[in-house]
Structures are given as C-alpha cells and as structure tokens.
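The values are calculated or read from the model by the stated rules, or taken from the named source; none is laboratory data. Computed from a predicted model, the values in this text were never measured in an experiment. A quick note on method: Cβ atoms are made from the backbone with ideal geometry, for glycine too, and the neighbour counts reach across all protein chains shown.
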C-alpha cells in the first residue's frame, strides 16, 4: 500500500510541472502581447509630439489671405554717395483695394501717401487719400510706369545698341525736357524751364527761361537704355515702352 501511494504521488508531481509550464508559457505570451500594445501606444504619442512642431512651422509658413493680397513695387535710386540708395515703395492691398507710398532713405522711413486704387485693362489708377489727386500707371510685365512722366518719340525698328531718335517730355506750362540719342552712342539732354511771362514783359531776370544741359554716352539693350554722363555719373536707366515712349519713372515688382 505504501508503494502504491508513493507511485501516485510521483505521477501527480509530473502533471503539476507540466501544468506549471503551460501556465508559464501562456503568461509569457500575454506579457509579450501587452508589451507590444504598450509600445505601440507610447510610439504613437512620441510620433504625435515629433509631428507637432513641424505642423506648427508649416502653419506659420502658410501666408494669410491678407499677405497673399499684397503686391509691392519699388523704385530704387542710387545716389552714389554716403547716403547709399533711396527707395520709393508702393504697396497695394487687393483685399481692400488700398495702397501706401513710402520713402526709404538710408535708415529713415516716411509715408508719402495712402489711398485707394483701381485696375482696368493693364492700367492702374490711384486716388490719394490726402489730396484726392489721381495718378495713372501702365502695367507692363513686372513694371509699373507713371504715364504723366513719359518721353514721347520713336525708336527705329532696326535699332541696335545705338540709334537716332529724339524724345520729348512736356511738363505743361512749366517747361519741357528733350533728349536726343545719336547713332555714334552719344546723347544730348536739355531741360527748359519756362519763366514768368509777366516778369519777362517787365524785363525781370525771373521771367527768362532757364536751360539745363547734359551730355554723355548711352547703350540700348532690350527694353532698357543706360546712360553715363561725360563726368562719369551713371544716370537712372530709361525703360522703353512699345518703342514709342521712354521713362525713368517706373517701379519694379518685388
């Protein structure tokens, strides 16, 4: 009896061991599954944190509707001295059809004007908010041309870097400017300022016309005419419009 009891005890220990091994294996599998679930959760949180700064940067880089509606034109004039350059900036806001005109000279900045504007068939018209005066401009590619400051003339169709041509800019009853381009690459520039007729009749020097002259060399390239005076000063280039007008009163789109 004692031997049979011992044998049954030995069989029960083996079954217990097998059962323990099965349970242990199940626990290991469950631990692995739980671990993977926890890891996926943690990884997602890390990924969201990593993605958040990038999404913020992308949102900051996306222009607002107001920024998308703003167009800036500039006219940059080099003074050739310690003052550096002078900039005239025109900023147009198509969201409310307003504009501002600003003068930038060195580190100084001052607003010259502000008002409203309208556009029609390649033309732009501004209305000053200070004086209600209207100014008309032509839109030509990336350039904004002031129509009241254009020299009228004609450039020959076969013109190369030099040509024969005469352009005149009339300033109403104040005077006129004439520039003559010669085939040999030289030019002559003359501005006549009309005197006061009343004073002229009285013999006063104030009544006499005054004349300013300048000469130098030039070169035409594409839609531009660059000039250098005989004194070596580089003048603001002329922009050619349709071969019939030239102007140095233009703004370039930024």
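Counting only strands (runs of 3 or more DSSP E) wholly contained in the stretch 140-247, the ones carrying 1 or more residues that are free of Cβ contacts under 8 Å to residues at least 40 places away in the same chain and within 27 Å of residue 88 (Cα to Cα) occupy 165-170, 175-181, 186-193, 210-221, 224-229, 234-241. Inspection of the stretch 96-105 finds no residue satisfying the criterion of being surrounded by 16 or more Cβ atoms within 10 Å (Cβ to Cβ) and outside any strand (DSSP E or B). For residue 183, state whether it is modelled with pLDDT of 95 or more and surrounded by fewer than 17 Cβ atoms within 10 Å (Cβ to Cβ). Yes, satisfied.
Regarding residue 229, is this residue surrounded by 14 or more Cβ atoms within 10 Å (Cβ to Cβ) and modelled with pLDDT of 95 or more? So residue 229 fits the description; yes.
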